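Shown next, in C-alpha cells, is the structure this report addresses.
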Amino acid sequence: MSTVPQLLVALGLAHLLNYKLRASTFWRTVILTPYATSVASAALVFALVFRADGGLLNWALHFVGLGDTNWGNGHWTSKIAISIIVIWRWTGYNTLIYLAAMQAVPTDLYEAASLDGASRWQQFRKVTIPSLRPTILFTIVISTIGSMQLFGEPLLLEGGTLGATGGNENQYETLSVYLYNYGWNLGHLGPAAAVAWAMLALLLIIAAVNWLIGRFVRKSAV
C-alpha cells in the first residue's frame, strides 16, 4: 500500500524535475524536506491529523459529508494512515534517486526519439523507463526492505499500549513492532530473537532475488 504509490509518484516527479525548470534546486530541496524530517516528528504530526476526535482530516471530511472516521482502530483505515506517512516521507528520497538516474541517460537517445516523432510520453515509456530498469528494481527492493522494518510510524500513530501492539486488534502490527512487543513489553526474549532471525532470513532472500533479477536484466540488455 505504500511501496507502489510512492515509487509511481516519485517516478513522475523525477520526470518533471528532469526538464529545465526555474529554481530547480529549490524544488528538489522541497521534495527532499520530508525525508530530512525525523520519524518521530512526522508520526506525531500525522497522529494529530488522523485523530478520531478533532483530527484535521476528519474536520475536512465533514465538509463533504463523510463524517468521522476512526483511522487508528479500523483495519484498513489504520493501514491507509500509516501508508500515507510512509509515502509522504520517502517519496522525495526515491525521486532524487530516479532523477540522478534520468540525468545519466544519454541525450542522444531523446534526440533520436524526437526526430522520429515520439512525444514526451512516448519518450518516457520507450527511452526513460527501459534505461531506469536497474534503478527501479533497486528502489523496489529498498522500499520492500524498509516496509518490513517499519517501526516508528505504527508505534507512534496511536502511541502508548495500542501503538506498541499495533492497534487494538493488532491490525497494523509490523514485524518490528511484533518483535518489540514480544521482547520488551512481554519479556519473551526467545520469540523476539526468533523474529529477528526470521527478518534477517527474509532480507537475505530479498537481496538474493534482487541479485538474480538484476543479473538477468543486465544479460538481457547486452
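The values are calculated or read from the model by the stated rules, or taken from the named source; none is laboratory data. Remember, predicted model here, so these are calculated numbers, not experimental data. Every residue, glycine among them, receives a Cβ derived from its backbone with ideal geometry; neighbour counts consider all protein chains shown. What goes into the accessible areas is simple: the full protein's heavy atoms, side chains included, and nothing from ligands, DNA or RNA. Shrake-Rupley method; radii C 1.70, N 1.55, O 1.52, S 1.80 Å.
Does the range 1-59 come out rounded, prolate or oblate, given a ≥ b ≥ c as the square roots of the eigenvalues of its C-alpha gyration tensor, rounded meaning a/c under 1.5 and, failing that, prolate meaning a/b above b/c?
prolate
Need one number: nm distance between label points at residue 115 and residue 56, each 7 Å from Cα along Cα→Cβ, rounded to one decimal.
5.1 nm
Sorting 59, 71, 88, 76 by accessible area (1.4 Å probe), largest first, what list results?
76, 59, 88, 71
To the nearest 0.05, how large is the calculated FRET efficiency for residue 24 and residue 129 if R₀ is 22 Å and r is the Cβ-Cβ distance?
0.50
Based on the Kirkwood radius over alpha-carbon pairs, what is the Stokes-Einstein translational diffusion coefficient of the chain at 4 °C with 1.567 mPa s viscosity, in µm²/s?
Working: Rh = 19.8 Å.
It comes out at roughly 65 µm²/s.
Would you please report the Å³ per residue occupied by the convex hull of the alpha carbon atoms in the range 83-123?
Value for the range 83-123: 66 Å³ per residue.
Given the Cα atoms of the range 153-222, and with Rh set as the inverse mean 1/r over their pairs in the Kirkwood sense, what is Rg to Rh to two decimals?
Across the range 153-222, the Cα-based Rg/Rh ratio is 1.24.
So between residue 39 and residue 4, what do we pick up on full extension, going 0.36 nm a residue minus the alpha carbon distance?
On the way: separation 35, 0.36 × 35 = 12.60 nm, distance 2.04 nm.
Net length gain for the segment: 10.6 nm.
Given the range 72-148 reduced to its alpha-carbon atoms as identical point scatterers, what log10 I(q)/I(0) does the Debye formula return at q = 0.11, 0.17, 0.18 Å⁻¹?
Rounded to two decimals, the profile gives -0.43, -0.76, -0.81.
Treating only the Cβ of Lys, Arg, Asp and Glu as charged (+1, +1, -1, -1), what charge dipole size does the chain show about its Cα centre? Round to the nearest 20 debye. Walk me through the intermediate numbers first.
Details: 13 positive and 9 negative charges, 178 e Å.
It works out to roughly 860 debye.
Run through every distinct alpha carbon pair of the range 1-99 and return the Kirkwood hydrodynamic radius in angstroms, one decimal place.
14.8 Å
Note down the relative contact order for the range 66-209 as a percent, whole number, built from C-alpha pairs under 8 angstrom at least six residues apart.
Result for the range 66-209 is 22 percent.
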